[in-house]
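The numbers here are math on the coordinates, done by the rules we state, and not lab data. What you see is a predicted model; the values in this text were computed from it and never measured. Counting neighbours? That spans all protein chains shown, and the Cβs are built from the backbone with ideal geometry, glycine included.
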Amino acid sequence: MKEQPHIRSRRRFLGNIQTGLMGIALSELLQNELSANSSSSLAQHAQWLPGRGQCHHSPKAKRVLQIFCPGAASHMDLWEHKPSLEKWHGKPLPGEENLVSFQGKNGNLMKSPWPFQKYGQSGKAITSQLPYLGQHVDDIAFIHSMHSETNTHGPGCVFMNTGQPTEGFPSAGSWLSYALGSANQNLPTYISIPDIRGEPPNGKANWSSGFLPAQNQAIVMNAQQPIRNLTLPAGINSKQESASRDFLRQLNKDHLKKNPGDSNLQARMAAYDLAARMQLSAPEVSDLKSEPKSIHKLYGTEDPNKLKSAYARNCLLARRFLERGVRYVNLYCSSRASGVDGLLNWDAHKTLKSDYERHCPVLDQPTAALLTDLKQRGMLDDTLILWTTEFGRMPTHQAGTAGRDHNPDGFTCWMMGGGIKGGVSYGATDEFGRRAEQNPTTVWDFYATVLHLLGFDHEKLSYYNNGLDRRLTGVEGKVIRRIMA
């Protein structure tokens with residue numbers, strides 16, 4: 001009996017489904033490479049290829065550690081001494097006596113609950129609540145004149161990380177991952193280490209790759225939670241896993257023989273082989289037990305304060321990633337806001353003194369130990385260290401409380417390490433800490449400086465998206481040369 005044409009057509013369709021689905025999956029895997037290769041921006045405006053480790057000029061640093069304290073850590077209670085707050089304590093803020101800010105009406109001026117202390121040869125005064133970090137002031141460049149575009153935590157954190165107050169844009173770590181590529185073929189280029197208390201406000205948007213190729217998004221892990229999907233499934237032993245990889249490798253080789261001219265396919269197969277190697281390297285780097293007892297004591301990894309010891313282990317993990325060639329590490333100290341202000345992060349609306357006396361010991365020793373460890377290992381010269389928060393606090397107390405409200409008009413961030421002149425302070429807020437007054441500095445200025453120290457012209461590092469050549473620094477940004485060595 002002669003087969004009907006529609007029967008032949010249906011059989012042919014069903015027979016080709018498998019090949020078609022494989023093609024769809026392959027096109028998805030190759031999409032990032034095709035997108036990057038078609039980017040007109042980099043081809044027209046820069047003489048380098050992304051991901052090759054090439055720079056626009058000679059870099060001072062080759063990796064970045066960004067320490068982020070979510071919750072808007074108070075500049076005038078930590079980093080910028082304001083004697084006028086002590087003199088005018090309990091009096092109205094001149095010119096803004098009836099000020100209404102983020103959470104409502106403000107009370108009178110409030111001095112810091114603790115004295116400031118001078119440290120180092122530079123005599124820089126910071127809070128007495130951070131004695132360990134005080135030992136590093138001669139290596140730090142403080143930027144006291146930061147200001148933000150938003151007074152809300154979620155957009156503020158995203159703005160500080162991406163240069164945009166809305167979600168969907170690449171983080172600074174993703175930009176550097178895209179620009180520099182890998183320095184260790186067995187590890188990711190960009191890693192985010194969230195606090196044991198949880199993710200920061202707006203969560204994963206803080207380390208998103210945005211419109212950049214997806215491989216530039218951060219891999220998320222901390223000392224308490226290793227990289228997901230590395231553990232073998234139940235019932236599968238290491239010998240079986242190895243045999244499966246060998247079998248897959250042979251299938252790939254056979255497929256390449258049938259498609260010898262497909263370089264993109266070959267590159268993608270090599271990338272997935274790299275992913276398999278990462279499964280072996282990641283457990284080694286996260287094994288903190290291999291560190292000597294002296295290092296654990298330095299960081300405080302066994303401190304009875306569980307929050308402090310957990311953060312200390314994350315600090316140690318960050319150093320291990322940096323020394324193994326990870327380009328960018330985000331390290332978070334505290335998490336998103338909670339129902340009780342100041343409990344999980346630095347958002348001290350009601351009880352600033354007790355909140356910060358809880359947070360400062362967690363931050364102080366482990367962070368200072370990380371800075372000391374990097375310096376002793378000779379890594380400080382080519383590691384750029386950033387300390388950031390999303391905005392500052394008001395110099396007044398909130399009406400009816402002993403806390404401070406949000407203040408996007410003035411706050412402090414600092415840099416240290418590769419290419420930075422230590423022991424200096426750049427810019428300042430007014431005498432009460434209310435607004436950036438001397439050398440006002442934007443987030444775009446901050447990252448223009450970061451990119452410059454890493455060897456990039458921030459106006460040339462761009463990516464074509466949705467009709468525009470996008471940049472980390474938007475259409476603004478100027479390099480802060482006075483903090484450079």
Rounded FRET efficiency, nearest 0.05, which uses the C-beta distance separating residue 476 from residue 57 and R0 of 25 Å: 0.75
Extension reserve of the residue 485-residue 323 stretch, reckoned as 0.36 nm per residue once the Cα distance is removed: 56.0 nm
Anchor residue 297: aspartates and glutamates whose Cα lies under 19 Å away (excluding residues fewer than 8 positions away in-chain): 287, 364, 373
Dmax and Rg, reported as Rg then Dmax, of the stretch 103-234 (C-alpha, Å): 19.4, 62
Geometric extent, Cα atoms of the stretch 386-430 - Rg, Dmax (angstrom): 13.9, 46
C-alpha center-to-center spacing [the stretch 297-356, the stretch 358-387] in angstrom: 12 Å
Calculated FRET efficiency for the pair residue 248/residue 122, C-beta based, R₀ 51 Å, to 0.05: 0.35
³J(HN,Hα) computed for each position of the stretch 293-308 - Karplus, 6.51 cos²θ - 1.76 cosθ + 1.60, integer Hz, glycine/proline x: 4, 4, 6, 4, 5, 4, 7, x, 5, 10, 4, x, 6, 5, 5, 5
Gain on full stretching of the segment that runs from residue 214 to residue 99 - 0.36 nm per residue minus C-alpha separation: 37.0 nm
Peptide ranges 211-222, 300-311 listed from the most packed, as the mean C-beta count within 10 angstrom indicates: 211-222, 300-311
Residues whose placed amide H lies under 5 Å from that of residue 407, excluding near-sequence neighbours: 392, 393, 394
Å³ per residue enclosed by the Cα convex hull of the stretch 301-377: 94 Å³
Burial ranking of peptide ranges 73-82, 461-470 (average Cβ count within 10 Å, highest at the top): 73-82, 461-470
Cα→Cβ-extended label distance, 7 Å offset, between residue 87 and residue 186, nm: 6.0 nm
Stretch gain in nm, segment residue 256-residue 239, where the contour uses 0.36 nm per residue and the Cα spacing is subtracted: 3.5 nm
Computed FRET value (nearest 0.05) for residue 430 with residue 294, which takes r as the C-beta separation and R₀ as 45 Å: 0.50
